[in-house]
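A quick write-up on the structure given underneath.
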Amino acid sequence: MLTFTIRRLVLAVPTLLFISLVIFMLLEFAPGDPMAQVPLTVPPEVKEKMREALGLGQPIHIRFWKWIVQFFWIEPQVLIDYYFGTSFSEGKLRVISWQTRSPVMDIVVQRIPQTLWVVGTAYVVAIIIALPIGIYSAYRQYSWFDQLGTFVSMVGFSVPPFFSGVLVIVIFSVQLGWFPSIYDTTLVVDSWDSFVKQLQQMIMPVMVLALQITAQLSRFMRASMLDNLNQDYVRTARAKGLSEYVVVMVHVLRNSMIPVVTVIALGIPAIFGGAIITEQVFKVNGIGQLLIGAIQANDLPMVQTLTFIFAVLIVLFNLIADVLYGILDPRIRYD
């Protein structure tokens with residue numbers, strides 16, 4: 001298993017380097033000028049000096065190499081210095097946001113907790129709800145529970161977050177007045193009352209994200225269970241006298257989880273994209289709003305870093321899915 005994991009890690013390195021090159025080149029050739037927000041009264045020579053100060057006067061390959069060194073070499077040193085009190089990164093130039101003139105990773109680290117509160121909670125809630133629904137719907141195929149689950153899943157999968165988000169705000173915030181419509185990112189959880197307020201403001205954005213994730217996962221879980229319930233090994237297990245619980249929850253569920261693991265693992269990076277819309281609707285000051293603001297301001301270092309972080313998440317959870325495949329089916333790790 002260790003060799004299997006190391007092999008996947010080694011393959012991930014060139015993949016990330018290639019992705020970083022593609023992201024850098026696409027954003028470099030994209031239309032837009034970081035000097036567009038500068039007032040027209042600023043003289044052209046001053047604009048040119050500002051452009052040089054941002055590093056725009058250097059060739060593309062030199063800027064790409066500097067960005068790679070800063071992101072993969074200097075930023076990890078900053079992290080080590082923060083946790084262990086060392087000084088490896090002292091005096092070294094980091095990736096700087098053109099918009100705020102501060103290190104990009106410092107801003108990202110400030111925003112990530114707000115996004116994780118919402119996205120992480122929504123994903124956990126969705127998995128807890130979706131898997132039992134998918135399992136029982138498959139076991140009781142065409143029952144009223146299965147029909148109801150299919151209807152709710154189709155509705156949840158079809159309705160986009162920007163519509164469902166506004167809808168729950170109108171119902172639960174405007175009409176009923178149960179929850180706040182705007183997420184207070186300045187709230188500090190240091191008491192029971194503040195914890196209750198945090199839960200109240202999380203309910204609606206978590207509800208919107210969890211509805212969409214639950215709809216997708218429950219359908220995949222149901223389809224995978226149905227594929228395995230009619231296999232020969234299930235009939236053999238029943239013929240041996242095993243209880244229905246053991247047949248379904250041990251034999252069938254383990255084999256059914258292999259495709260579902262793919263959906264769960266790859267859905268985590270994808271839900272960050274959905275969180276961008278949800279953060280805009282509920283005013284969550286997370287990385288979604290940070291990315292939108294950076295795009296509007298043509299802040300290329302911020303956009304490059306956030307886009308590459310999404311790519312790292314995809315590669316990372318692909319790796320996690322591969323490892324989980326090897327755990328669920330030992331034959332895979334030896335291929």
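Some notes on this structure:
- When we screen T236, T262 for residues that are open to solvent by 20 Å² or more (accessible area, probe 1.4 Å) and farther than 23 Å from V124 by Cβ, the only hit is T236.
- Tally, over the stretch 106-143, of residues that are part of a loop (DSSP other than H, G, I, E, B) and open to solvent by 60 Å² or more (accessible area, probe 1.4 Å): 3
- Criterion: more than 30 Å from M225 (Cα to Cα), out of contact with any strand residue (DSSP E or B) (no Cβ under 7 Å at 6 or more places or on another chain), small (G, A, S) and surrounded by 12 or more Cβ atoms within 10 Å (Cβ to Cβ) - qualifying residue of G149, G156, G165: G165
- Flag if S173 is of a type in the set (G, A, S), touching a Pro at 6+ places or on another chain (Cβ under 6 Å) and within 29 Å of L148 (Cβ to Cβ): no
- Any hit, the stretch 97-105, residues being assigned to a helix (DSSP H, G or I) and under 22 Å from N285 (Cβ atoms): yes
- Residue among I314, I295 that alone is modelled with pLDDT of 75 or more, open to solvent by 50 Å² or more (accessible area, probe 1.4 Å) and over 22 Å from A126 (Cα atoms): I295
- In the set (1) open to solvent by 30 Å² or more (accessible area, probe 1.4 Å); (2) at pLDDT 75 or above, I287 fails one condition alone, (1).
- Among the residues of the stretch 177-191, some residue qualifies, meaning at least one is open to solvent by 80 Å² or more (accessible area, probe 1.4 Å), part of a loop (DSSP other than H, G, I, E, B) and either in contact with a helix residue (DSSP H, G or I) (Cβ under 6 Å, 6 or more places away or on another chain) or modelled with pLDDT of 80 or more (or both).
The values are calculated or read from the model by the stated rules, or taken from the named source; none is laboratory data. Predicted model only: the values in this text are computed from it and were never measured. Don't worry about glycine lacking a Cβ; one is built from the backbone with ideal geometry, like all the others, and counts go over all protein chains shown. To get the accessible areas, we keep the full protein, side chains included, count just its heavy atoms, and leave off ligands, DNA and RNA. Shrake-Rupley method; radii C 1.70, N 1.55, O 1.52, S 1.80 Å.
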